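Heads up: the structure comes next, in structure tokens.
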Amino acid sequence: MRLLTYDFRGREECGVLIERGVLPLSKLLADRTRLSVLDAISPEVRAQIRDAIEDYRGDFLPLESLRLLPPIPKPRSLRDFYAFEDHVRSMRKRRGLEVPEEWYEFPAFYYSNHTSIYSPGEDIPFPGYTSMLDYEMELAIVITGKGRDLTKENARELIGGYMFMNDWSARDIQQKEMKIGLGPAKAKDFAKSFGPFVVTPDEFGSKGLEGRPDIEVEARVNGKTYSKGNTKEMHYTFAEMIAHASKAVTIETGDIMGSGTVGGGCIAEIGPEVAGWLRPGDTVELVGPKLGTLMNRVGQRRSLSE
């Protein structure tokens, strides 16, 4: 099931995408109050949607006619992990470092800004404090349900769906922040884009249900392929990430967790000497089966006084 959020006369509406188009959940489940994607990814409501689709005989909306919003417009929190060994290894090699032994002990993450979220198709601001703007091709999950001190076995039940996440990055700022030792912060807090859909785990079979889906993904800049990878190459599953994050902490519906960059999934990794940093007007697309295409354009660079 592919779920999305779109603008309908100035308010957020949720729909499900099937072959014939987008079906508004307000029509499909007319006896319910207006639903969000967070409502729809719960196992109970997902079952109701599937049953109702089979009996529905009404109209559908063409996907291309809709102005899409982030599937989860207001995440409760945003954790970004570092789960792809190839990415970790190559990024640290560029700094003359080995992968630390501690990386293999648990899935590390940092908290990012869950309020700077951009829609599919929306322009991304080019911060005036950086001259090295980069994309990061990531997979993210949306949490459904609630849990604390979870095992990786019962953590799987909290995976409500998958979506693309572009973790826009100011690399010159990040280089300095990493030397300080607190991890990335200002380099990462200005923009995240999600979508265009949240895809329920069953769409990816058993690997999707366990938290390591097999999805061929690609990043393109101005129509040219820059990065290719597969999400099954994660060293840690999302179930392991959830379990680690839940130690002494309650995980709840609306929390977002990013995988970290797919191996080769950013300019910093493939080399700015090869591709060059992003510039105003560049279009970045993240593309994958069922996940759809997450497209954003880079806006004009703004001075710090603006």
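Odds and ends about this structure:
- Quotient of C-alpha Rg and 2.2 N^0.38 Å, computed over region 2-69: 1.01
- Estimated from helices alone, the mean residue ellipticity of the chain at 222 nm is -5500 deg cm²/dmol (sum of -39500 (n - 2.57) over DSSP H runs with n ≥ 4, per residue).
- In the chain, Cα pairs under 8 Å separated by at least six residues give a relative contact order of 24 percent.
- Mean Cβ neighbour count within 10 Å, used as a protection proxy, ranking 170-183, 120-133 highest first: 120-133, 170-183
- With Cα atoms, 0 to 90° folded angle of helix 171-180 axis to the chain main axis: 70
- Local electrostatic count at Y226 - Lys and Arg +1, Asp and Glu -1, tallied over other residues with Cβ under 9 Å: +2
- Placing +1 on each Lys and Arg Cβ and -1 on each Asp and Glu Cβ, with no other charges, gives the chain a dipole about its Cα centre of roughly 640 debye.
- Farthest toward positive dipole pole in region 2-69 [+1 Lys/Arg, -1 Asp/Glu at C-beta], among L3, L69, Q48: L69
- Mean separation of Cα contacts under 8 Å, 6 or more apart, over the residue count of region 2-69: relative contact order %: 37
- Think of region 84-123 as having a plus end and a minus end, set by charges on the Cβ of Lys, Arg, Asp and Glu; of A108, V88, S119, V88 sits farthest toward the positive end of this dipole.
- Distance from region 262-303 to region 142-187 (C-alpha centre basis), Å: 19
- Stretching I180 away from T225 to a fully extended chain increases their span by 12.8 nm, per 0.36 nm per residue minus the current alpha-carbon distance.
- The protection proxy used here, the mean number of other Cβ atoms lying within 10 Å of each residue, ranks peptides 96-105, 201-210, 72-81, 146-155 as follows, highest first: 72-81, 201-210, 146-155, 96-105.
- Residue order, fewest to most beta carbons within 10 Å, for T144, T250: T250, T144
- The residues H244, H87, when put in order of fewest to most other Cβ atoms within 10 Å, stand as H244, H87.
- Cβ-based charge dipole, region 151-232, positive-most Cα from G208, G223, I159: G223
- Kirkwood Rh and Cα Rg combined as Rg/Rh, region 263-306: 1.07
Coordinate-derived values only; no laboratory data. As the structure is a computational prediction, the values presented were derived from the model and not from experiment. All Cβ positions, even for glycine, are placed from backbone atoms using ideal geometry, and neighbour counts span all protein chains on display.
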